[in-house]
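Report on one structure; see the data block that follows.
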Amino acid sequence: MSIRIAPSLLAADFANLERDIAMVNSSEADWFHIDIMDGVFVPNISFGMPVLRAIQKHVQKPLDVHLMIVDPDRYIETFAALGSEILTVHYEACTHLHRSIQKIKGCGMQAGVALNPHTPIQSLSEIIQDIDLVCLMSVNPGFGGQSFIENTFEKVKEVKELIENKKTSCLIEIDGGVTNKNASKLISCGADVLVAGSYVFGAPDPEAKIQLLKKA
């Protein structure tokens, strides 16, 4: 299976969002990655529901929605109604994680769980068989344009080993600081999905950057 590329709209030009969405639609990218931040779980605020509703009208590829918010269970039905195909919640934000996963799946979406850089992989051992995606944060969540945390390579290997030991088919997604310089190594370690924001949208030719990642 070829690597999936999910450009992060957090790094897009908000004044020209429709243009940037059209670029992703016409590119070799596979998903749209949408970061929802509340200013509480992470020290930043990003898209809200009205913006996601507007985005959903123009996208032609799956919406990969990443909730960086406290008490995400309150909004699971809302994000399902807004067209999310993959909904990822943070391990650190869910008191009853299994219940949250059941609720996401009950709303017809694929369920993802994100881990902050300091959270051990073993935290997933009891729920890895119930989820569709593990999102490893390779930067501290909250802001785009941060430097990649090198220990992520080892964490990818650990997740891959856990997935194989549990005989499940969960995807591994990497979010933060992804470029053509680390993409090949991430893939060789076991990554299935690469999220790229600044690397794509900060380039003169974003489609070419997506193509580079796709060929990594």
Q) Which condition number does Val134 fail, the rest of (1) among the β-branched types (Val, Ile, Thr); (2) under 15 Å from Val156 (Cβ atoms); (3) touching a Ser or Thr at 6+ places or on another chain (Cβ under 8 Å) being met? A) (3)
(Q) So, in segment 135-177, exactly how many residues are farther than 16 Å from Ala196 by Cα and aliphatic (A, V, I, L, M)? (A) 5
Q: Filter the strands (runs of 3 or more DSSP E) completely within segment 1-78 down to those with at least 1 residues that are small (Gly, Ala, Ser), at pLDDT 95 or above and surrounded by 16 or more Cβ atoms within 10 Å (Cβ to Cβ).
A: 4-7
Q) Taking segment 112-143 on its own, how many of its residues are crowded, with 19+ Cβ neighbours inside 10 Å and among the small types (Gly, Ala, Ser)? A) 3
Q: Please list, ordered by first then second residue, the pairs with beta carbon atoms under 7 Å, 6 or more apart or interchain, first in segment 64-80 and under 12 Å from Cys94 (Cβ atoms), second of a type in the set (Lys, Arg).
A: Asp73/Lys103; Ile76/Lys103
Q) Which one is farthest from Glu126 (Cα to Cα) among residues in segment 200-215 that are out of contact with any Lys or Arg (no Cβ under 6 Å at 6 or more places or on another chain) and buried (at least 21 other Cβ atoms within 10 Å of the Cβ)? A) Pro206
Q.
Among (1) closer than 17 Å to Trp31 by Cβ; (2) out of contact with any Cys (no Cβ under 7 Å at 6 or more places or on another chain), there is one condition Lys181 misses while meeting the rest; what is its number?
A. (1)
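The values are calculated or read from the model by the stated rules, or taken from the named source; none is laboratory data. Quick caveat, the model's predicted, so the values are computed rather than measured. All Cβ positions, even for glycine, are placed from backbone atoms using ideal geometry, and neighbour counts span all protein chains on display.
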